[in-house]
Structures are given as C-alpha cells and as structure tokens.
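What follows is a structure written as structure tokens; I'll ask about it next.
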Amino acid sequence: MPDASTSVDFWWNWGVNAAVAIGTFAAVLVALFGQAFRAKFFPPQLSVSLLNAEGEKAVTRLRWEENGQLRERDEDCRYYHLRVANDRRWSPANQVQVVLLQVEEPGHRGEMKIVWTGAVPLGWRHQQLYPASRAIGAPADVDLCSVIKGKWLQIHPMIIPFNLDVQRTEPCKFVMVVQAQGSEGDSPVMRATISWDGKWHDGSREMLDHLLVNFS
C-alpha cells in the first residue's frame, strides 16, 4: 500500500505536469490567434506626418555621361521625409507601404487640378536596407521629395510610371496625396503641398524661404 508521501508526490507531479501542459497550450493559442484577435478587436492605428519641415541636408552622388565617358561628382541636397506611426505599437500593422495616390498642379486660374492618379509606393528612407513593405510597430520614415543644389526637385516613388513627372527644374507648386496602407487597415488620406522657388540655401532655416512643405 503506498504511503502518504508517495501519494503527495504523485499529486504534486500531476499538478506540475498539468500546469505545464496548460501553459504550453495557452502559448500555442496566443501564437496562433493572438495577432488575429488584436487585428480584429484592437487593430493598428496608422498615421502619416511630416517628419521635419526643414528637411535633412545630405550629400548625393551625381552620375552622367559626357563625351562617351561616365562622370561623377558629389553635390549638396536636402531630403524631406514623412513619418509613419502606429498609435497601437503593441498591435503591429503588417505589409505597410506609403502610397502616392494623386498629384495636383495649379490650373490656368490658379486652382489645383489633378494631373496624375494611381497607386505607387514611396521609397523608405535608406530603402536599400528594407523590403518594399514593412511591419510598423515602431515609427518608420519614407522619402517624400528632395532638392539638389542648383539642379532640380525630385519626388521618390519606388517605381516611376511613364505619365508621372518626378523631376522639376523650374519653380513649382504641386500637391502629393498620400496614404499609409497595411493589411489590417489604412491611415487617413493626407496632402503634402510642396512649394519651391527654384533656389537653394545651405542653411536649414533659410531654406524654408525657398522650399516649403505643408502637410495636412
């Protein structure tokens, strides 16, 4: 006949094994259904904002062909970025891209008119380090546009449709309509109004007098 200590050990071991089994089962349920539960009842909340109205001064490498030879030189430039944020960081947004939906330019009477519509993703900041679409828990940045000293202003879609003008060498004003889109939901549609007088200044504050991005 088993003694009392043997019986206690049996029930203790059984209880420990049962607890381990329940814990393992719960972990499997969380792994399988946790993301789906969050996506359905607490979906991510994507937003897009202008990172810095002054942009970021940098150096770019220009390459061109002259008399059959490849020429290169460094030139000052300034990049302007959008920031993609998720207000529910604990509920990640998957397969996110910031998509350019529309471009508007002034008409003959100064009113803004649509000159291009589509859906092309903008490139991530330091795009070579990242896939085309990303999971957004922590914020991430995309390239909106850049201006190269003495050269041109350029917008930065990952692919360039034939009917989309991505470079402007003259003073200009135009609107880029953008939206962050992910598997679980999208951000509000936003408008970036870009005004450039064709000039350049090395100073960040001074450059605001020449290139201004209004985001709303």
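Values in this text are rule-based calculations from the coordinates and carry no lab data. Note that the structure is predicted; figures quoted are calculated from it, not measured. As a convention, Cβ positions derive from the backbone with ideal geometry for all residues, glycine included, and neighbour counts pool all protein chains shown.
Within region 49-92, count every residue that is touching a Pro at 6+ places or on another chain (Cβ under 8 Å) and either assigned to a strand (DSSP E or B) or among the basic types (Lys, Arg) (or both).
Residues in region 49-92 being touching a Pro at 6+ places or on another chain (Cβ under 8 Å) and either assigned to a strand (DSSP E or B) or among the basic types (Lys, Arg) (or both): 5 in total.
Still on this structure, I have one more. Here is a check on your reading of the model: is ALA135 under 11 Å from the mean Cα position of the chain (by Cα), within 22 Å of ASP186 (Cα to Cα), free of Cβ contacts under 8 Å to residues at least 60 places away in the same chain and part of a strand (DSSP E or B)?
yes
Quick one: what pairs do we get from region 46-65, first residue closer than 25 Å to ARG134 by Cα, second of a type in the set (S, T, N, Q) and not in a strand (DSSP E or B), C-beta under 6 Å, 6+ apart or different chains?
LEU46/SER187; SER47/SER187; VAL48/SER187
Residues that are under 22 Å from GLY110 (Cα atoms) and among the hydroxyl-bearing types (Ser, Thr, Tyr): find the strands (runs of 3 or more DSSP E) completely inside region 145-216 holding 1 or more of those.
In region 145-216, 190-196 are the strands (runs of 3 or more DSSP E) which contain 1 or more residues that are under 22 Å from GLY110 (Cα atoms) and among the hydroxyl-bearing types (Ser, Thr, Tyr).
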